[in-house]
Amino acid sequence: MKCVVCVIQDISKTKQLLSKLNDVGIKGATLLSSKGMISTLSEDSDEWFVGSFRQLFEMTSKESATMFVITSQDQESLAFDTIESVLGSLNKPNTGIAFSFSLDHIRGIQ
């Protein structure tokens, strides 16, 4: 089994992404509200480097969503392709990131 994790910068696309994953046969995902390090630091800091990072990354939204999908190894590429079909290329700035890792032990799903 695999766990695909995706940080979604444009949270308005989360429902569309979940719907598309369902359409391609991936039937479960968990979403958590999340916030990146620079967004969090910039709230309470007047440090010059925080402002520089904000400008560098052109941050427009402070809140993001982190999605966890547990899937078979066979569906891992399908999950990544579906994510990019909704969010756009993850190589573009401020789109999001996605990665996966293997699960050795899991209980609670079939």
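Each value in this text was obtained by applying a stated rule to the coordinates, not by laboratory testing. For clarity, every value in this text was computed on a predicted model and none was experimentally measured. When we count neighbours, we look across all protein chains shown, and the Cβ atoms used for this are built from the backbone with ideal geometry, even at glycine.
Quick notes on this structure:
- Spin-label model distance (nm) - Lys27 vs Ile109, 7 Å beyond Cα toward Cβ: 1.2 nm
- Over 23 Å apart at the Cα level, from the set Lys20/Lys62; Lys27/Lys62; Lys27/Lys92; Lys2/Lys62; Lys20/Lys92, are Lys20/Lys62; Lys27/Lys62; Lys27/Lys92; Lys2/Lys62.
- Computed label-point distance, nm, for sites Ser34 and Ser12 using a 7 Å Cα→Cβ extension: 2.2 nm
- For the stretch 59-110: rounded, prolate or oblate by the Cα gyration tensor [a/c cutoff 1.5]: prolate
- Label positions at Gln73 and Phe99, each projected 7 Å from the Cα along the C-beta direction, are separated by 2.0 nm.
- FRET E, pair Cys3, Ser89, Förster distance 30 Å, beta-carbon r, rounded to 0.05: 0.85
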